[in-house]
1. Keeping to region 14-66, report how many residues are of a type in the set (A, V, I, L, M), assigned to a helix (DSSP H, G or I) and touching a strand residue (DSSP E or B) at 6+ places or on another chain (Cβ under 8 Å).
2. Given the condition in contact with a Leu (Cβ under 9 Å, 6 or more places away or on another chain), aliphatic (A, V, I, L, M) and within 30 Å of Leu96 (Cα to Cα), answer yes or no: does some residue in region 257-277 qualify?
3. With respect to Val126, is the statement that it is assigned to a loop (DSSP other than H, G, I, E, B), modelled with pLDDT of 95 or more and of a type outside the set (Phe, Trp, Tyr) true?
4. If I filter region 146-161 for residues that are in a helix (DSSP H, G or I) and either crowded, with 20+ Cβ neighbours inside 10 Å or modelled with pLDDT of 95 or more (or both), do I get at least one hit?
5. Determine, yes or no, whether Ile167 is hydrophobic (A, V, I, L, M, F, W, C), part of a helix (DSSP H, G or I) and within 30 Å of Leu335 (Cβ to Cβ).
6. Tell me, yes or no, whether region 222-230 has at least one residue that is assigned by TED's automatic domain parsing to the domain that holds Pro195, more than 16 Å from the chain's Cα centre (by Cα) and of a type in the set (D, E, K, R).
7. Of Ser274, Ser209, which residue is among the small types (Gly, Ala, Ser), surrounded by fewer than 23 Cβ atoms within 10 Å (Cβ to Cβ) and not assigned by TED's automatic domain parsing to the domain that holds Arg119?
8. Checking the conditions here, which among Val9, Val15, Val43 is crowded, with 22+ Cβ neighbours inside 10 Å, in contact with a helix residue (DSSP H, G or I) (Cβ under 8 Å, 6 or more places away or on another chain) and either closer than 22 Å to Arg321 by Cα or not hydrophobic (A, V, I, L, M, F, W, C) (or both)?
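The values are calculated or read from the model by the stated rules, or taken from the named source; none is laboratory data. Note that this is a predicted model, so its numbers are computed, not measured. Backbone-built Cβ (ideal geometry, glycine too); neighbour counts: all protein chains shown.
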Amino acid sequence: MSEPLTLGVAGLGTVGMGLIQLLSAHAPRLEKLLGRQVVVTGVSARSRDKARGEGFGTARWFDDPVALAKDASNTVFVELIGGEDGPAKAAIEAALHARKHVVTANKALLAKHGIALARLAEAQGVSLNFEAAVAGGIPIIKMLREALAANRVRRVYGILNGTCNFILTKMTDENRAFGDALREAQELGFAEADPSFDIGGFDAAHKLSLLICLAFGTTVAFDAIHVEGIEGITTADIEAATELGYCVKLLGVAAQTEHGIEARVSPVLVAEESALAEVSGVTNCVGIDGDFAGNLLLVGPGAGAKPTASAVASDIVDIARGLVMPPFIRPTAVLEPARPADLASRLGNYYVRLSVYDRPGAMAAIMKRMSDETVSLESIVQKKPGPVHPGQAAEPPPGAGEAAVNVILITHDTTEAAMRKALKAIEDDGQVKGRPQMIRIEDL
């Protein structure tokens with residue numbers, strides 16, 4: 001039997017403890033599978049005194065994760081600290097310089113420093129594995145690295161943030177206002193006290209930037225992704241979408257186009273009979289369009305102790321088997337700079353909600369602005385003001401005694417540039433209260 005594979009684990013939060021428990025529970029099985037033991041020889045966390053139960057064996061405690069990363073007692077450094085800089089980055093760099101394999105779940109760090117770290121790992125001849133950084137327990141990194149390596153990927157997309165999917169599911173299924181659904185997500189531990197990173201779309205954008213690099217052979221280009229969150233989605237949007245046969249989801253989409261890579265994270269409308277509409281709660285999914293494999297959709301838990309620990313353990317198993325490959329599939333030397341496509345060139349259907357003042361000529365003026373930009377409409381629905389939902393404040397009067405009603409428009413195929421010009425002109429005309437709401441419709 002080969003020598004044990006020794007691990008130094010930095011970060012003993014939800015995922016770190018999940019990994020410790022997995023390795024302890026499945027130690028005999030892993031030893032039989034790999035022909036060697038997998039042993040945690042060192043650990044590090046912010047607090048030594050926190051009760052964490054059993055499973056550490058004889059592992060040594062390190063107050064400093066960088067010291068753990070450098071220590072000769074382990075050959076694989078597992079970073080589960082989090083954060084795009086600071087101790088996580090310093091410890092990973094120290095481990096790579098010491099020619100140790102690294103496993104991380106840190107999408108924010110990889111989105112910012114992934115190429116530099118990958119270059120260092122390649123120079124040292126070691127692994128930098130990060131299956132758990134995208135979509136939790138869904139093995140999307142291995143799918144792109146291995147199963148689809150012979151395909152040309154044309155598009156990658158998915159529901160990449162469980163917090164947003166939970167909130168939108170509650171709003172849809174239980175007729176809940178955004179603030180009310182967010183509070184429940186926080187109470188259940190699905191959302192942080194400051195949820196802006198999730199609901200603003202940035203967490204999903206970090207994950208999408210890694211998928212873009214893997215799928216299209218580019219450098220990581222987080223700044224090239226158009227990001228919108230779900231803060232502006234109202235019960236009026238949810239109800240209108242449902243009546244029209246759609247479901248609202250926060251989606252990350254990246255596609256190869258003749259103009260470059262079109263990449264965005266934003267709320268979208270998908271058909272209620274689509275597979276994406278069926279993905280509810282904190283579940284994630286990732287879709288891939290390969291030129292030979294076709295359209296594949298992977299669905300599973302996007303977070304949590306056990307699913308994420310499973311993904312981390314899968315990277316450790318690869319290292320135990322001696323599998324070392326470039327972190328981003330292709331060597332960093334051949335990765336091309338991402339060439340972003342201007343979102344203005346996007347061609348598709350759009351949902352628009354306007355709060356239109358009830359005055360003569362208002363709708364005629366709106367239709368003229370749409371016509372001026374050659375935007376044709378598939379449907380127009382006028383909605384009467386509904387009751388105020390729990391957790392949703394009543395809207396103030398729209399003006400000097402003027403009433404306003406919601407008007408829902410669905411367009412035929414048109415460009416994003418045309419839509420933005422038309423809606424800007426409509427807003428400037430003063431026929432609507434507040435800013436128009438525009439949501440892309442995705443045919444996936």
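1. We begin by selecting, within region 14-66, every residue of a type in the set (A, V, I, L, M); these are 15, 17, 19-20, 22-23, 25, 27, 30, 33-34, 38-40, 43, 45, 51, 59, 66.
From what is left, the residues that are assigned to a helix (DSSP H, G or I) are 15, 17, 19-20, 22-23, 25, 27, 30, 33-34, 66.
Checking which are touching a strand residue (DSSP E or B) at 6+ places or on another chain (Cβ under 8 Å) leaves us with 19-20, 23, 27, 30, 34.
Looking only at that region, the number is 6.
2. No, region 257-277 has no match at all.
3. Working: assigned to a loop (DSSP other than H, G, I, E, B): yes; modelled with pLDDT of 95 or more: yes; of a type outside the set (Phe, Trp, Tyr): yes.
The answer is yes for Val126.
4. If we filter region 146-161 for residues that are in a helix (DSSP H, G or I), which is where we start, we get 146-147.
Within this subset, residues satisfying the condition of being either crowded, with 20+ Cβ neighbours inside 10 Å or modelled with pLDDT of 95 or more (or both) are none.
Within region 146-161, not a single residue is in a helix (DSSP H, G or I) and either crowded, with 20+ Cβ neighbours inside 10 Å or modelled with pLDDT of 95 or more (or both).
5. On the way: hydrophobic (A, V, I, L, M, F, W, C): yes; part of a helix (DSSP H, G or I): yes; within 30 Å of Leu335 (Cβ to Cβ): no.
Judged against the criteria, Ile167 is not a match.
6. Step one: list which residues in region 222-230 are assigned by TED's automatic domain parsing to the domain that holds Pro195, which gives 222-230.
Within this subset, residues satisfying the condition of being more than 16 Å from the chain's Cα centre (by Cα) are none.
No.
7. On the way: Ser209 fails: surrounded by fewer than 23 Cβ atoms within 10 Å (Cβ to Cβ).
So the residue among Ser274, Ser209 that is among the small types (Gly, Ala, Ser), surrounded by fewer than 23 Cβ atoms within 10 Å (Cβ to Cβ) and not assigned by TED's automatic domain parsing to the domain that holds Arg119 is Ser274.
8. Working: Val15 fails: either closer than 22 Å to Arg321 by Cα or not hydrophobic (A, V, I, L, M, F, W, C) (or both); Val43 fails: either closer than 22 Å to Arg321 by Cα or not hydrophobic (A, V, I, L, M, F, W, C) (or both).
Just a single option satisfies the conditions, and that option is Val9.
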